[in-house]
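Right, one structure below, let's go through it.
The values are calculated or read from the model by the stated rules, or taken from the named source; none is laboratory data. This one's a predicted model, so the numbers in the text were calculated from it and none came from an experiment. So basically every Cβ, Gly included, is an ideal-geometry build from the backbone, and we count neighbours across all protein chains shown.
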Amino acid sequence: MNPFVPILIMAAVAAALAIGGLAASAVIGPRRYNRVKVANYECGVEATPRATGAGRFPIKYYLVAMTFIVFDVEVIFLVPWAIAFSELAAFGLVAALAFIAIITVPFAYEWRRGALEWD
């Protein structure tokens, strides 16, 4: 038996559940639409055509998102390294140190832009 068959079966079951859920909600769900239900929801604040500050969006939002992504990438690579630390020996240590050195660049950029200062 091919070792990928269980993975393909699991993917097929997941796809069937996702499509089945969408189909069931389309068939069973209520169809009473009104002006409030189809309006955009902006956290309880009325949506405006322009953002505050002459149409510019504050950079703080993007810097927080970038910080989140950098932390996620760091965790994704360092957790498996920590689990297999004993098998990797010196090569694993050098690779992890190189990764940490590379990942320091976005942190320095964010620090310089003020993303880590919570006013």
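Against the numbered list (1) surrounded by 12 or more Cβ atoms within 10 Å (Cβ to Cβ); (2) out of contact with any Asp or Glu (no Cβ under 6 Å at 6 or more places or on another chain); (3) at pLDDT 85 or above, Pro106 comes up short only at (3). Check whether at least one residue in segment 94-113 is over 30 Å from Tyr61 (Cα atoms) and either of a type in the set (Gly, Ala, Ser) or outside any loop (DSSP other than H, G, I, E, B) (or both), and report yes or no. Yes: segment 94-113 contains one or more residues that are over 30 Å from Tyr61 (Cα atoms) and either of a type in the set (Gly, Ala, Ser) or outside any loop (DSSP other than H, G, I, E, B) (or both). For segment 73-99, the tally of residues that are touching a residue at least 12 places away in the same chain (Cβ under 8 Å) and within 24 Å of the chain's Cα centre (by Cα) stands at 7.
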